[in-house]
Amino acid sequence: MRTVHKYKIHLANDHTVCLLPPEACVVRFAGQHGELFMWAELDTTATAQGRRFQVIGTGHEVPGGAVHRGSCAMGEALVWHLYELPG
């Protein structure tokens with residue numbers, strides 16, 4: 001069955017590991033109640049594996065091989081960018 005699940009993304013850590021099937025698709029990255037979250041559409045019958053995500057601030061270096069998964073504004077001043085890290 002395909003559903004959308006919500007994952008908290010940690011800003012203070014160098015990356016966040018989320019258990020998702022390889023085919024899962026990030027559909028939204030946004031702030032909610034002062035925290036960052038990612039929503040992903042996935043097949044609940046598929047086998048999940050650890051996938052690594054990192055939040056990068058505007059103007060900061062993007063790690064090699066990282067794939068952009070979404071951006072969001074937090075308040076008036078900050079825009080965060082979510083990248084999935086390779087391997």
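Structure notes:
- Some residue of segment 38-47 being surrounded by 13 or more Cβ atoms within 10 Å (Cβ to Cβ), of a type in the set (D, E, K, R) and in contact with a Leu (Cβ under 7 Å, 6 or more places away or on another chain): no
- Residue check for Glu84: surrounded by 14 or more Cβ atoms within 10 Å (Cβ to Cβ), of a type in the set (D, E, K, R) and within 14 Å of the chain's Cα centre (by Cα): yes
- Residues in segment 43-87 that are small (Gly, Ala, Ser) and in contact with a His (Cβ under 7 Å, 6 or more places away or on another chain): Ser71 only.
- The set of residues in segment 30-69 being over 24 Å from Gly87 (Cβ atoms) and out of contact with any Cys (no Cβ under 6 Å at 6 or more places or on another chain) consists of Gln32, His33, Gly34, Glu35, Thr44, Thr45, Thr58, Gly59.
- Residues of segment 56-72 satisfying the condition of being closer than 15 Å to Leu36 by Cα, among the small types (Gly, Ala, Ser) and surrounded by 12 or more Cβ atoms within 10 Å (Cβ to Cβ): Gly70, Ser71
- Conditions (1) over 17 Å from Leu85 (Cβ atoms); (2) in a loop (DSSP other than H, G, I, E, B); (3) not aliphatic (A, V, I, L, M); number of the one not met by Lys6: (2)
Read-outs throughout are calculated quantities, based only on the coordinates presented, and are distinct from any laboratory measurement. None of these values were measured; they are calculated from a predicted model. Every residue, glycine as well, gets a Cβ built from its backbone with ideal geometry; the counts of neighbours run over all protein chains shown.
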